[in-house]
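I have placed the structure first, in the form of structure tokens, so that the comments after it can refer back to it.
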Amino acid sequence: REDVDNERMLAFKDCGGEVLSMPIDENGYPDIGEMMQEFGKRGLTRILMEGGGRLTAALFARELIARIAWFRAPFIMGGDGIATTAAFGVDRLADMPTFIRRETRVIGVDQLEIYSRRQ
């Protein structure tokens with residue numbers, strides 16, 4: 001974003017990161033479609049995206065999620081926690097993105113589930 005903290009941007013660059021300037025979408029966030037196109041131009045075909053519910057919703061809305069690695073802990077926070085995803089325009093069960101569970105692993109007290117997008 002144009003209003004990014006310059007010190008933060010320099011910290012990423014100092015660590016060897018490349019910082020891209022992206023157009024802003026109607027909600028004031030970097031346009032995820034433009035971002036993916038830019039990654040594609042750089043030959044990136046697999047990207048680990050880690051973020052909050054808004055990022056997840058933007059990726060789901062544009063059908064950009066092919067695989068999910070879902071870690072779950074044996075704790076329940078309820079409505080006081082942060083939602084996994086924000087709303088992304090699904091009004092009917094038939095319109096939900098669907099996935100197939102490919103793998104389940106126990107890691108310590110946590111569980112990891114790997115899902116791939118159902119075609």
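The values are calculated or read from the model by the stated rules, or taken from the named source; none is laboratory data. Small disclaimer: the values here were computed from a predicted structure and weren't measured. Methodologically, a virtual Cβ is constructed for each residue, glycine included, from the backbone with ideal geometry; neighbour enumeration extends over all protein chains shown. Please note that ligands, DNA and RNA were not included when accessible areas were found on the heavy atoms of the full protein model with its side chains. Shrake-Rupley method; radii C 1.70, N 1.55, O 1.52, S 1.80 Å.
Restricting to the range 25-47, name every residue that is hydrophobic (A, V, I, L, M, F, W, C) and within 24 Å of Val90 (Cβ to Cβ). Outline the logic, then answer.
Within the range 25-47, the first condition is being hydrophobic (A, V, I, L, M, F, W, C), and the residues that meet it are 32, 35-36, 39, 44, 47.
Within the range 25-47, Ile32, Met35, Met36, Ile47 qualify.
Could you list, in sequence order, the residues of the range 63-103 that are over 14 Å from the mean Cα position of the chain (by Cα) and β-branched (Val, Ile, Thr)?
Ile76, Ile82, Val90, Thr98, Ile100
Return yes when Arg101 is open to solvent by 90 Å² or more (accessible area, probe 1.4 Å), of a type outside the set (S, T, N, Q) and outside any loop (DSSP other than H, G, I, E, B) and no when it is not. Step through it out loud before you land on a result.
Numbers: open to solvent by 90 Å² or more (accessible area, probe 1.4 Å): yes; of a type outside the set (S, T, N, Q): yes; outside any loop (DSSP other than H, G, I, E, B): yes.
In short, yes.
Would you tally the residues in the range 52-98 being assigned to a loop (DSSP other than H, G, I, E, B) and on the phi > 0 side of the Ramachandran plot? Even if it seems obvious, please write down each step before you answer.
Within the range 52-98, the first condition is being assigned to a loop (DSSP other than H, G, I, E, B), and the residues that meet it are 52, 62-66, 73-77, 81-92, 96-98.
Now drop any that are not on the phi > 0 side of the Ramachandran plot, which leaves 63, 89.
So the answer is 2.
Report, by residue number, each residue of the range 1-36 that is in a loop (DSSP other than H, G, I, E, B), small (Gly, Ala, Ser) and more than 19 Å from Thr56 (Cα to Cα). Write out each step before concluding.
Within the range 1-36, the subset in a loop (DSSP other than H, G, I, E, B) is 1-5, 15-23, 25-29, 31.
Narrowing the set further to residues that are small (Gly, Ala, Ser) leaves 16-17, 21, 28.
Hits for the range 1-36 are Gly16, Gly17, Ser21.
Looking at the range 1-34, which of the residues that are closer than 19 Å to Leu55 by Cβ and of a type in the set (Lys, Arg) is surrounded by the most Cβ atoms within 10 Å (Cβ to Cβ)?
Arg1
Does Phe39 qualify as being part of a helix (DSSP H, G or I), free of Cβ contacts under 8 Å to residues at least 12 places away in the same chain, of a type in the set (Phe, Trp, Tyr) and surrounded by 11 or more Cβ atoms within 10 Å (Cβ to Cβ)? Explain how you work it out, then say what you get.
Numbers: part of a helix (DSSP H, G or I): yes; free of Cβ contacts under 8 Å to residues at least 12 places away in the same chain: yes; of a type in the set (Phe, Trp, Tyr): yes; surrounded by 11 or more Cβ atoms within 10 Å (Cβ to Cβ): yes.
Yes: the conditions hold for Phe39.
Go through the range 42-75 residue by residue and tally those that are among the hydrophobic types (A, V, I, L, M, F, W, C), at pLDDT 90 or above, more than 17 Å from Pro97 (Cβ to Cβ) and open to solvent by 100 Å² or more (accessible area, probe 1.4 Å).
Looking only at that region, the number is 2.
Could you list, in sequence order, the residues of the range 104-119 that are open to solvent by less than 100 Å² (accessible area, probe 1.4 Å), closer than 27 Å to Ile32 by Cβ and either in a loop (DSSP other than H, G, I, E, B) or not small (Gly, Ala, Ser) (or both)?
Leu112, Glu113, Ile114, Tyr115, Arg117, listed by residue number.
Please identify the pairs in which a residue from the range 1-28 that is farther than 21 Å from Arg42 by Cβ has its Cβ atom under 9 Å from the Cβ atom of a residue that is among the hydroxyl-bearing types (Ser, Thr, Tyr) and surrounded by 10 or more Cβ atoms within 10 Å (Cβ to Cβ), counting only partners at least 6 apart or on another chain.
Going by the 9 Å Cβ cut-off, the qualifying pairs are Glu2/Ser21.
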